[in-house]
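The values are calculated or read from the model by the stated rules, or taken from the named source; none is laboratory data. The model shown is predicted, which means the values in this text are computed figures rather than measured ones. Quick reminder, even Gly has a Cβ in these numbers, built from the backbone with ideal geometry, and neighbours come from all protein chains shown.
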Amino acid sequence: MDESSEQSQGAVAEGAPRWDLTGIGSAYCNIATATPTRDAVVINLGLSQRASAELKSELLQRILLSPRTATHLHRILGTLLAEYQAQRGEQR
């Protein structure tokens, strides 16, 4: 990883992963669903748009998480959303 990539990541906390940003892509998602399976939690992320009277949803990414990783993500999102809502109020 070059120096500019490291700088764009900001400070890396001790024990945090050092991400390889090669091939990274970004997508805006405004719809998400999650389903448990026997061995994983499946998260579907997509984009929902209204075309005339029809609502279309495009699946952009399907992510399978181990239960342990899903629990960790749940904690992270809970903390981030609590901070966001404390600053900006609850979003609906």
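Answer yes if at least one residue in the range 16-36 is surrounded by 10 or more Cβ atoms within 10 Å (Cβ to Cβ) and aromatic (Phe, Trp, Tyr), and no otherwise. There is at least one residue in the range 16-36 that is surrounded by 10 or more Cβ atoms within 10 Å (Cβ to Cβ) and aromatic (Phe, Trp, Tyr). Applying the selection to the range 44-74, what residues are exposed (fewer than 10 other Cβ atoms within 10 Å of the Cβ) and at pLDDT 95 or above? Result: Arg68, single match.
Within the range 37-53, being over 13 Å from the mean Cα position of the chain (by Cα) and under 30 Å from Thr71 (Cβ atoms) holds for Thr37, Arg38, Asp39, Ala40, Val41, Leu47, Ser48. Taken together, Gln87, Gln91 contain a single residue that is in contact with a helix residue (DSSP H, G or I) (Cβ under 9 Å, 6 or more places away or on another chain) and more than 26 Å from Pro17 (Cβ to Cβ), which is Gln91.
Selection of the range 21-45 for residues being of a type outside the set (A, V, I, L, M, F, W, C) and part of a loop (DSSP other than H, G, I, E, B) yields Thr22, Gly23, Gly25, Ser26, Tyr28, Asn30, Thr37, Arg38, Asp39.
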